[in-house]
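Before any comments, here is the structure.
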Amino acid sequence: MIKIIADSTCDLSNEVLEMHDISLASLTINIEGKVYRDRVDIEPDEYYGMLEALSEHPTTGMPSPTEYLSIIKEAIEAGYREILCICMSSGTSGAYQSGVLAKDYFYEEYPGSSIKIHVVDSKCMSHGSGWLIMKSALMRERGASFGEIVEFIEKYKVNVKHFLSVDDLNHLIKSGRITNATAFLGKILNLKPIMSMKQGKGAIVGKERGQKRVLKHYVQEFVNRYDKDITEFVIIGYTSDISIAEELKVKMEQDTDFSGDIYIMQMGVSVGTHVGLGAISMFFVEKR
């Protein structure tokens, strides 16, 4: 039996997590001196409702190795013998290192154990790692072996294409994702930066004037880039405005030949801390 573990930045919906039996290690969010566990003590809509009124910018913390270890032990007690832990990019957080330490702690405590544990540095953020996690679950349910799933994830993780644009640049400034100069120029010209992942870190890969051009950019890039054999589903993410995500889904259905599933899911508290309100994202696998 294969157990899949994620961290809360995967931003998969509760319905998907429950449907595919995926366990979650929560990041923490410090909001004006009070610490919350992502997806446990605070939900996205609650958080986004208070975000603009906060006097201090919230900060996030990674899951601890002991939290991962606890989830691993619970899975083993439930009968699982193969553990796949998929973490957000090591270039943006220490969650991967926590997962590796948990693995090391387990084998120190149980030397010679036959339990297989593989920890993945996804090189992804948000629904990027979520895409890999969903794909792993689908492969497991179709009868793929642990080795086959690990091989697929390690091969294609760098091909998960991220597109992210934000409505308010201030949160990206405060979290160090873009410079003040870039933000100032963007505000003056109404330019919205489009970000992706490069070598496991966020990078600006384009700029568009206005929301409609951003969505057009997403669709055009998808048509040019997507791997038709591997991309069986697309994930569209949003923070506070689902109508933008719905508009993008309609454009995808009308302007592309893609016939797979298109999921709309909300970005969680941890990711939302860095991207703010009005963010819109899209994830698929691009051609190698």
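Just so you know, all these numbers are worked out from the coordinates, no wet-lab data involved. In this text, all values refer to a predicted model and were calculated from it rather than measured experimentally. Neighbour counts are summed over all protein chains in view; Cβ atoms, including those assigned to glycine, are modelled from backbone coordinates with ideal geometry.
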Any chance you could run the full-extension gain for residue 114 through residue 19? It's 0.36 nm times the residue separation minus the Cα-Cα distance, nm to one decimal. 31.4 nm
What whole number of Å gives the distance from the Cα centroid of segment 98-169 to the Cα centroid of segment 250-276? 20 Å
What does the charge count near residue 69 come to, summing +1 for each Lys or Arg and -1 for each Asp or Glu among other residues with Cβ under 13 Å from its Cβ? -4
What are the ³J(HN,Hα) couplings of segment 210-223, residue after residue, when phi is run through the Karplus curve with 6.51, -1.76, 1.60 and θ = phi - 60°? Round to Hz, x for glycine and proline. x, 5, 4, 5, 4, 5, 4, 4, 4, 5, 4, 5, 4, 4
What net charge do the residues around residue 130 carry, taking every other residue with its C-beta under 11 Å from that of residue 130, with Lys and Arg at +1 and Asp and Glu at -1? -1
Pick from 151, 221, 67 the residue whose mean-square fluctuation is largest in a GNM of the chain, springs joining Cα atoms under 10 Å. 151
Mind checking which lysines have their C-alpha under 27 Å from residue 212, skipping anything on the same chain fewer than 8 residues away? 161, 174, 187, 192, 198, 201, 228, 249, 251, 287
Please compute the modelled spin-label separation between residue 73 and residue 32, points set 7 Å along Cα→Cβ, answer in nm with one decimal. 3.7 nm
Rg over Rh, two decimals, segment 1-122 (C-alpha only, Kirkwood Rh): 1.02
Please state, as a whole number in µm²/s, the translational diffusion coefficient that the Stokes-Einstein equation yields for the chain at 37 °C and 0.692 mPa s, with Rh defined as the Kirkwood radius across alpha carbon pairs. 170 µm²/s
Applied in sequence order to segment 14-31, the curve 6.51 cos²θ - 1.76 cosθ + 1.60 (Karplus, θ = phi - 60°) yields integer Hz couplings, x standing for Gly and Pro, of 4, 4, 5, 4, 6, 4, 9, 6, 10, 8, 10, 9, 8, 6, 10, 10, 9, 10
Once you list every other residue whose beta carbon is under 9 Å from the beta carbon of residue 24, what net charge do they have if Lys and Arg are +1 and Asp and Glu are -1? -1
Please build a GNM for the chain, connecting alpha carbons under 10 Å apart, and tell me which residue among 145, 129, 64 fluctuates the most. 145
222 nm mean residue ellipticity, helices alone, for the chain (DSSP H n ≥ 4; -39,500 (n - 2.57); rounded to 500): -12500 deg cm²/dmol
